1. For labels at Ala319 and Asp423 in the simple 7 Å Cα→Cβ model, what's the distance in nm?
2. So what's the convex hull volume per residue for the Cα atoms of segment 170-266, in Å³?
3. For segment 234-367, build the charge dipole from Cβ charges (+1 Lys, Arg; -1 Asp, Glu) around the Cα centre, then report which of Gln325, Ile275, Val362 sits farthest towards its positive end.
4. What Kirkwood hydrodynamic radius do you get for the chain when you take the inverse of the mean 1/r over all pairs of distinct Cα atoms, in Å?
5. Within 10 Å, at most 13 other Cβ atoms, and a DSSP state outside H, G, I, E, B define an exposed site. Report the longest part of the chain free of exposed chymotrypsin sites (Phe, Trp or Tyr not before Pro).
6. Count the DSSP beta bridges whose two residues both fall in the chain, then state the antiparallel fraction as a percent rounded to the nearest 5.
7. May I ask you to compute the full-extension gain from Ala233 to Ser25, defined as 0.36 nm times their residue separation minus their alpha-carbon distance, rounded to one decimal in nm?
8. For the pair Asp157/Ile415, report the inter-label distance in nm, with labels modelled 7 Å from Cα in the Cβ direction.
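Every read-out reported here was derived from the displayed coordinates using simple, explicitly stated rules and does not represent laboratory data. This one's a predicted model, so the numbers in the text were calculated from it and none came from an experiment. Counting neighbours? That spans all protein chains shown, and the Cβs are built from the backbone with ideal geometry, glycine included.
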Amino acid sequence: MEPAQKALMLNTGIAAQAMTLDSASIRSEFPTLNREVRDGVPLVYLDSAATSQKPRQVLEKVERFYRDCNANVHRGIHTLAEEATTQYEGARERIADFINAGAAREVIFTGNATQALNLVAQSWGRANLYKGDRIVLTEMEHHSNLVPWQMLATEKDLRIDIIPVRDDGELDQSEFDKLLRNKPKAVCITHVSNVLGTVNPLARIAEKARSVGALTVVDGAQSAPHLPVDVQALGADFFAFSGHKMCGPTGVGVLWGRAELLQLMPPFLGGGDMIKRVYLRDFEPNEIPYKFEAGTPPIGEAIGLGAAVDFLTDVGMDAIWQHEQWLIKYALERLEEFPGVTVYGPAGGVRGGVAAFTLEGVHPHDIAQVLDTSGVAVRAGHHCAMPLHDRFNLVATARASFYLYNTRDEVDELIRGLYKVKDLFG
Ligand code: PLP
């Protein structure tokens, strides 16, 4: 276990005794959480791993941008264009601070985590990988960190090696050690599993990858929203995440990469803004990060994401993580004592705030549908992790996922709803 994880576990012990966040005041910031989904049934939103709700601060920031200073960035010298550019670049700086990037120019705005990972595969991968080269993926990856590499592997005739998932939901580190002997060029791995909640020991994985000359490409879609991320301390080379899962708007994501790598990579998409000079038959690419931001970027969305990281920073990422540990511990206890329920993923210790489960004899879609009648929103399906479901011989699971605004009362609502499911399906 890494020292940071140990510290978090100790903190979790403290958090289990005392509530870490003022749930009532946090919840009052999220208008959606106050709505009813059916006549008189309050919403219990347990689907934040799919997308989070948005606090007032973010909604107002985006509205103010479009209302007061909407303009395109980087291309004008009029007042509105300058204001828009200042806000857009300001958001980049705050996001860089949020993940402790070495410099703001290492932060590239994309449409989402998926586009960020495709950018790495298509730009770095195409330029640096050759026939027969090996890349290591894991059995717990979201399709966003599998398919882009599979596409590249087909195109360039690469070999894909897979780190298996053990029965307890952790990666098999001894298999990883064996795969490293093949001298892979990249290790592409999720920080936190969106199904199992497994928190991978990234610093150790990145260090091992580096020792054989491989880069580490991290899917941080389920970590950046929930726990303190320091990309430099993790020792990763690329780190991708989505704004909409961390209180920000949809339509914006981030790719962080080490400047020296980004500078050497060819552009991914061509068009406006990504160029320094264009001739009829040639062009000179712009500096980073603009080299990778072709066309009009998601301006209002990036500014909204800047407001989201301000909000999360004010609450405190340590406190958010502790709160989620406190919640998931309780949720696991309640789910595991429920007759017929199987929960997947690590049984205890450090674990992200997601609980994917099955209920004997009931299809997960039926679970989600009946829970919805009690106002409880959970997701059912493969959660874009089909190979992981295959690994556990499952077609689908129901998944409850938690965030800073959830409470233990809402876990109780989930359990009450599950009794309703059990009653209906015998
Ligand atoms: N990676 C993980 C682990 C995810 O959970 C998700 C979304 O659920 C993604 C990647 C893809 O995120 P997006 O759809 O925002 O690109």
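1. With each label placed 7 Å out from Cα toward Cβ, I get 3.9 nm.
2. 110 Å³
3. Ile275
4. 22.4 Å
5. 131-278
6. In the chain, DSSP labels about 60 percent of beta bridges as antiparallel.
7. Fully extending the segment from Ala233 to Ser25 adds 71.6 nm.
8. About 5.9 nm, to one decimal.
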